[in-house]
Amino acid sequence: MLQLSDRWNKFVPRWLSFGIYFFLISYFWATGVAGLRSSFYLFLLLPALLFLPWKKSHWNDFGGVFTGVALIMTGYIVVSNLWASDNHFSKLFRSWFFIAIWLMVACFTITRGYLRVDRLIKYLVGVGVIAACAEIIYFYVVSDNALSMRLRAHGVAENSTLTGQMFGALAVIAYVRSLQSTERRSMLIWFFATAICCLPLVLSQTRGAILAFALVALAALIICRPSRKVVFIQISLAVIAAAGLLLQFNLLEVLENRGVDMSSRDLVWRALLARAYDNPLFGIGALYDPRIIIPDVDVFHHAHNSWVDTVYYTGLIGLFLALCHFQLVVQTFDKSPDVLPIFMWFIFGCISLFTNAPHLLMPINSFWFAYWIPAGLLVGSYYLKQRQVPTEVIDGSN
């Protein structure tokens, strides 16, 4: 009986760690959100329910105050449905529960040494490079679309904006790792991966994600401070690649089609902020599948700005709680190779939330890839370093 218990205790954490790999990679091969959620249920939710409730662990192993504040913040969004126009409490609670499971599983597997973030990064970027090439070939070669058309990937990245956000996140990870590389060969490999992942970002013509990548890349350059030789090599390669792309890419036509307007986002934001004056503290209450009607503009599912969406549905109280969680996660900043790429991914995601996202109580979908996925990995990495401090003992072990 003891041997069976020991085998179970060894098997389930491996199941969970494999589940994280499988779940994150599913973002680039799943045929849709349904497939992504199925991978979460089978490889993360099921083993978590069978194992974690009976596992004796310190609260920090599940995210400590970081997870606590996250669940308070998203829990408040669930409760706000009590004063909303429709009853979606059970659906919102389900989203809250899944966020809780993800945060606890991510932190537990990392802090207990079952999941290595540096290895996860390599696999994720590798899959992203393959997916980027496949999506570009299918969209522009097989489907014979003109280069001026916005790239739209399959599956979870169901529209051009989400395509830019997801591949932009991988480009950020690869770029930071290229700056941190100590060997030229490693630097060139990571920079090549950056270029490949940047192609869907550029071809999707997602202006918010492109701006976010530029800002985060500049910040990473300042933080990492690579040698002048590395900077010169990367700039030279980037200029050559950009020149080659522009020769094939009718930039004037793209600018004419896309324009420089905000695609009605400014109209949505102004309208919702004006409506928020009627319920400034508590908002109108969260809905699972809302419809925002802006006369003479369109009908929207969300504000296309996570922070505006938060104010509109949950008021200033909800915004305050969201900013508290953001501030906590930012405190995990570290320049180490297994933390800084994830941290810059998180910052990229938060900037992207300004142009295309609902409030933070999201069901399992592409928006998780911008906020909750990197947040969970960052907190796990933070507590792993806490456990590795020689003078600190958690649960009787270092």
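The C-beta contact set for segment 125-138 (first residue on the phi < 0 side of the Ramachandran plot, second residue basic (Lys, Arg), distance under 8 angstrom, 6+ apart or interchain) comprises 125/177.
Would segment 135-153 turn up any residue that is over 20 Å from residue 244 (Cα atoms) and in contact with a Ser or Thr (Cβ under 9 Å, 6 or more places away or on another chain)? The answer is yes, given that some residue of segment 135-153 is over 20 Å from residue 244 (Cα atoms) and in contact with a Ser or Thr (Cβ under 9 Å, 6 or more places away or on another chain).
Could you tell me whether residue 109 is buried (at least 19 other Cβ atoms within 10 Å of the Cβ), of a type in the set (S, T, N, Q), in contact with a helix residue (DSSP H, G or I) (Cβ under 7 Å, 6 or more places away or on another chain) and farther than 15 Å from residue 372 by Cα?
Values: buried (at least 19 other Cβ atoms within 10 Å of the Cβ): yes; of a type in the set (S, T, N, Q): yes; in contact with a helix residue (DSSP H, G or I) (Cβ under 7 Å, 6 or more places away or on another chain): yes; farther than 15 Å from residue 372 by Cα: yes.
When the stated conditions are applied, residue 109 passes them.
Reported count of residues in segment 148-175, each being out of contact with any Phe, Trp or Tyr (no Cβ under 8 Å at 6 or more places or on another chain) and assigned to a helix (DSSP H, G or I), is 7.
Per-residue answers, yes or no, for (1) in a helix (DSSP H, G or I); (2) closer than 26 Å to residue 287 by Cβ:
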| position | (1), (2) |
| --- | --- |
| 320 | yes, yes |
| 323 | yes, yes |
| 328 | yes, no |
| 337 | no, no |
| 354 | no, yes |
| 362 | no, yes |
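Which is more than 18 Å from residue 351 (Cα to Cα) and of a type in the set (A, V, I, L, M, F, W, C), of 156, 172, 202, 176? Explain how you work it out, then say what you get.
Values: 172 fails: more than 18 Å from residue 351 (Cα to Cα); 202 fails: more than 18 Å from residue 351 (Cα to Cα); 176 fails: more than 18 Å from residue 351 (Cα to Cα).
Residue meeting the stated conditions: 156.
The set of residues in segment 166-204 being free of Cβ contacts under 8 Å to residues at least 40 places away in the same chain, crowded, with 24+ Cβ neighbours inside 10 Å and not hydrophobic (A, V, I, L, M, F, W, C) consists of 194 alone. Any residue that is more than 30 Å from residue 178 (Cβ to Cβ) and either touching a residue at least 60 places away in the same chain (Cβ under 8 Å) or not assigned by TED's automatic domain parsing to the domain that holds residue 70 (or both) - is there at least one of those in segment 296-308? Scanning segment 296-308, I find no residue that is more than 30 Å from residue 178 (Cβ to Cβ) and either touching a residue at least 60 places away in the same chain (Cβ under 8 Å) or not assigned by TED's automatic domain parsing to the domain that holds residue 70 (or both), so the answer is no. If you check 5, 80, which single one turns out to be at pLDDT below 95 and farther than 26 Å from residue 162 by Cα? None of the others qualify; the one that does is 5. Considering segment 145-165, and only residues there that are surrounded by fewer than 18 Cβ atoms within 10 Å (Cβ to Cβ) and of a type in the set (Gly, Ala, Ser), the residue that is modelled with the highest pLDDT turns out to be 146.
Of note, residue 233 does not satisfy the criterion of being over 21 Å from residue 196 (Cβ atoms), at pLDDT 80 or above, out of contact with any strand residue (DSSP E or B) (no Cβ under 6 Å at 6 or more places or on another chain) and among the β-branched types (Val, Ile, Thr). Across segment 38-57, the number of residues qualifying as small (Gly, Ala, Ser) and touching a residue at least 40 places away in the same chain (Cβ under 8 Å) comes to 2.
Search segment 285-318 for residues being of a type in the set (D, E, K, R) and part of a loop (DSSP other than H, G, I, E, B), and hand back the single one that is nearest to residue 383 (Cα to Cα). Looking at the filtered set, the residue picked out is 289. Take the conditions (1) at pLDDT below 95; (2) more than 24 Å from residue 157 (Cβ to Cβ); residue 305 misses just one of them, which is (2). Going through segment 96-114 one residue at a time, which ones are touching a Pro at 6+ places or on another chain (Cβ under 9 Å) and hydrophobic (A, V, I, L, M, F, W, C)? Correct list: 98, 105, 108.
Filtering segment 37-55 for residues that are touching a Lys or Arg at 6+ places or on another chain (Cβ under 8 Å) and crowded, with 21+ Cβ neighbours inside 10 Å leaves an empty set. On the stretch given as segment 8-37, residues that are closer than 30 Å to residue 164 by Cβ and in contact (Cβ under 8 Å) with a residue 24 or more places away in the chain total 18.
Mind listing whichever residues of segment 95-119 are in a helix (DSSP H, G or I), of a type in the set (D, E, K, R) and in contact (Cβ under 8 Å) with a residue 60 or more places away in the chain? Step through it out loud before you land on a result.
Taking segment 95-119 as the starting set, the residues that turn out to be in a helix (DSSP H, G or I) are 95-111, 117-119.
Filter once more, keeping what is of a type in the set (D, E, K, R): 118-119.
The one that is in a helix (DSSP H, G or I), of a type in the set (D, E, K, R) and in contact (Cβ under 8 Å) with a residue 60 or more places away in the chain: 118.
Here residue 331 passes the criteria (1) over 18 Å from residue 346 (Cα atoms); (2) surrounded by fewer than 20 Cβ atoms within 10 Å (Cβ to Cβ) except the one numbered (1).
The values are calculated or read from the model by the stated rules, or taken from the named source; none is laboratory data. Predicted model, so just to flag it, every value in this text is computed and none were measured. Neighbour counts are summed over all protein chains in view; Cβ atoms, including those assigned to glycine, are modelled from backbone coordinates with ideal geometry.
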